[in-house]
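Each remark here refers to the structure printed beneath this line.
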Amino acid sequence: MKAVEQNFLKFLQSPSQFVVPIYQRKYSWSIPQCKKLLQDVLVAGKDDESFGHFTGSIVYITKDVFHAAVINQLSIIDGQQRLTTLSLMILALRNALEIQKKEIGISTRKLTNYYVVNSDEEDDLYYKLVLTDGDNQAIRSILDSDKAAIDAYKESRIVQNYNYFFNEMMKSELKVVYEGLKKLMIIDVSLEQGKDNPQLIFESLNSTGLDLSQSDLIRNYILMDLDPKLQSTIYRKYWLKIEQLFTDHPENAFDRFSRDYLTIKTGRIPRQDRIYESFKRYLKAPYQS
């Protein structure tokens, strides 16, 4: 594992594609979280004496295999919400700048080519950020300025948060926003495939249990170490179909189902906050759990 302090925009500018694995949760940040992040950016942009503003960590798995086009695909383990939200902020800045035609030290073309796309690439590698399913289509509709597609995804958090940022940009000093973005710092944490244990690191990052449900942790445990194609197959063919059975039920219904499943299989009732731990023990020793 390698962890380094990194400027966020320089992190984005690298010839890479940031892929959110299919097992990760959908984008879920709400307007209050976006408002707080934008306030942080504006404060940093107005502070002439500040050289950096820490905004969290981004953890990803990297491989020693590069495409012929030298685009490194990085699988995001932690930080996808922050990475997605800041990408939406950059898109909003770009589109507001296109309308206002102000001088902020960078052009709309460079905002796009440096931080949103891999401009020399084609097809899927063109996009720097790859989200899951509907989220991916929503953010690409914004990137491509496809109004009809944006309207089709107007109920998604992606479009709602983008609209919030765009409306705020139209009322803000765009140069201050850009200056603030330039000062954002992250902890860039890269894990090497086959050497580091991403599941253990993921558990440590989410050890409070506040962000992810027990069933979220179980899903990630099952899928994280699989080849991406197998991840997609297992997720779509099995896990997603189970999840959909609980769509119209209370939020913790899947957790309760997992608990009942383990009770039947092991003859013991797991604690509500230890379902994930019980599941791991069950997989390792199903008859001794």
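The values are calculated or read from the model by the stated rules, or taken from the named source; none is laboratory data. As the structure is a prediction and not an experimental result, all values here were calculated from the model. When we count neighbours, we look across all protein chains shown, and the Cβ atoms used for this are built from the backbone with ideal geometry, even at glycine. Each accessible area value is taken on the protein alone, full model and side chains, heavy atoms only, with ligands, DNA and RNA left out. Shrake-Rupley method; radii C 1.70, N 1.55, O 1.52, S 1.80 Å.
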Query raised in the report: What dipole magnitude, in Debye to the nearest 20, does the chain give about its Cα centre under +1 on Lys/Arg Cβ and -1 on Asp/Glu Cβ?
Result: 580 debye
Requested in this report: Name the residue, out of VAL70, VAL189, VAL19, whose mean-square fluctuation peaks in a Gaussian network model built on the chain with Cα pairs under 10 Å.
Outcome: VAL70
Query raised in the report: Among TYR221, TYR23, TYR261, which one moves the most in a GNM of the chain with springs linking Cα atoms closer than 10 Å?
Result: TYR261
Query raised in the report: How much of the accessible area of the chain, probe 1.4 Å, is carbon plus sulfur, in whole percent?
Result: 51 percent
Query - Sequence-separation-based contact order of the chain, relative, with Cα cut under 8 Å and 6+ spacing, percent - result: 28 percent
Report task. Over the alpha-carbon set of the chain, work out the extent along each principal axis and list the three values in angstrom, largest first. Result -> 68, 41, 40
Query - Backbone HN-Hα couplings from phi across the range 160-166 [Karplus 6.51/-1.76/1.60, Hz, Gly and Pro as x] - result: 4, 6, 4, 4, 4, 4, 4
Query raised in the report: Where the centre of each part is set by its Cα atoms, how far does the range 148-169 sit from the range 36-54, in angstrom?
Result: 24 Å
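What does the C-alpha gyration tensor say about the overall shape of the range 151-195? Classify as rounded when a/c is under 1.5, otherwise prolate if a/b is larger than b/c, or oblate. Could the numbers behind the result be given before it?
Values: a/c = 5.59, a/b = 1.38, b/c = 4.04.
Oblate.
For the range 63-176, with every protein chain kept in place, what is the accessible area per residue (1.4 Å probe, Å²)? The partial results should precede the final answer.
Details: 5440 Å² over 114 residues.
For the range 63-176, the per-residue accessible area is 48 Å².
Would you kindly calculate the translational diffusion coefficient of the range 37-139, applying Stokes-Einstein with the Kirkwood radius from alpha carbon pairs, for 4 °C and a viscosity of 1.567 mPa s, and quote it in µm² s⁻¹ without decimals? All intermediate terms of the calculation are to be shown ahead of the outcome.
Values: Rh = 15.7 Å.
D = 82 µm²/s.
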Report summary line: GNM on the chain, Cα springs under 10 Å; top mean-square fluctuation among ASP123, ASP260, ASP227 goes to ASP123
Report summary line: Cα convex hull volume per residue for the range 1-64, in Å³, equals 123 Å³
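For the range 221-289, what does the accessible surface come to per residue with a 1.4 Å probe? Please give it in Å². Let's see the in-between values first.
Numbers: 5080 Å² over 69 residues.
Result: 74 Å² of accessible area for each residue.
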Requested in this report: Loop only per DSSP, at most 15 neighbouring Cβ atoms within 10 Å: give me the trypsin sites (Lys or Arg not before Pro) in the range 91-170, ordered by residue number.
Outcome: LYS101, LYS102, LYS154
